[in-house]
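Quick notes on the structure that follows.
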Amino acid sequence: MSAEQARSPAEPAPREPAPREPAPPLPPGLDLLWGRRGRGKRGPRPGLSASAIVEAAIRVADAEGLEAVSMARVAHELGFTTMSLYRHVTSKDELLQLMWNGSAVGAESLELAGEDWRAKLRMWSVVQREMLDRHPWITQMPMAAPPLAPNSLHFVERGLAAFDGTGLPDWERIRVIGLISSYTLNEARMAHDAARAAQLALQAGQGLPAGQKTGAGPGAETAPAPMPTFESLLRELIDEERYPRLYRLAWSGPDSLPDERAEFLWGLDRILDGVQILIDQAPGPD
């Protein structure tokens, strides 16, 4: 007896599987990162690759800042023509996406140390901050949407995993990850901007110690004095009657604030204090 004959009259015939719709095209840059880009009509230039282009662009950005990165500048760094690069990378915007992904190489093998979620998430943020300090040009990049490059998602996955066992819902986890990332990025950007301003002031003074002149005579230039601190500017600008609280802050505090890293960690710990409240309110362990 055939299978068709053995089937009960009330038993419906098995449905044919619906044909799979083709995957939607990814935006330029992501299609290359996720291996979804087809080969072009012209073959790639021998001796050149997208990874080599990205590595050269990161070297330029690390040394000279993001504003120095262009297709022509990277081509010069590699010893190829600019048109050769376009066979691998279609635009500067795409190159920036590839650079972002390249800056996070190793995220897939990152292991967060610590006995609880807080220690692991604190390490996660510190690792991110150290990466931003190694590549400060990232703080200059436009960020219209969350990064979707493979290495970036690996890093996010590690952060989410730090909450395993806490009972914190997934959407609360991703919101915390976004909050900590925003804080870390903003702190790195401010530190980088301050360092750039100090470097420009030093260059304007030709690298001479404060007060030292570049030569003799009335036309000699003097190197700028060190940049004033926030406290010293407050003491210069405010009076006790109009700004009593700021006045008290300026004159009762220490002569200098803790170093930038200590300030970063202080803020991070306050965020984690708030996350502990969320976890305490969660339904229970996963």
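The values are calculated or read from the model by the stated rules, or taken from the named source; none is laboratory data. Everything quoted here is computed from the prediction, not taken from an experiment. FYI the Cβ positions are ideal-geometry reconstructions off the backbone, even for glycines, and counts take in every protein chain you see.
Some values worked out for this structure:
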{"item": "One residue from Glu115, Glu130 being within 12 Å of the chain's Cα centre (by Cα), surrounded by fewer than 20 Cβ atoms within 10 Å (Cβ to Cβ) and without any contact (Cβ under 8 Å) to a residue 40 or more places away in the chain", "result": "Glu130"}
{"item": "Any chance Thr229 is under 30 Å from Arg36 (Cα atoms) and at pLDDT below 95", "result": "no"}
{"item": "Pairs with Cβ under 8 Å, 6+ apart, first in the stretch 146-161 and without any contact (Cβ under 8 Å) to a residue 24 or more places away in the chain, second part of a helix (DSSP H, G or I) and crowded, with 20+ Cβ neighbours inside 10 Å", "result": "Val156/Ile177; Leu160/Arg173; Leu160/Ile177"}
{"item": "Filter result for the condition that a residue is closer than 15 Å to Leu272 by Cβ and touching a Lys or Arg at 6+ places or on another chain (Cβ under 6 Å), over Leu179, Leu168, Leu112, Leu160", "result": "Leu112"}
{"item": "Search result, residues across the stretch 142-194 that are loosely packed, with under 15 Cβ neighbours inside 10 Å, part of a loop (DSSP other than H, G, I, E, B) and either assigned by TED's automatic domain parsing to the domain that holds Leu98 or of a type outside the set (D, E, K, R) (or both)", "result": "Pro142, Met143, Ala144, Ala145, Pro146, Gly165, Pro169"}
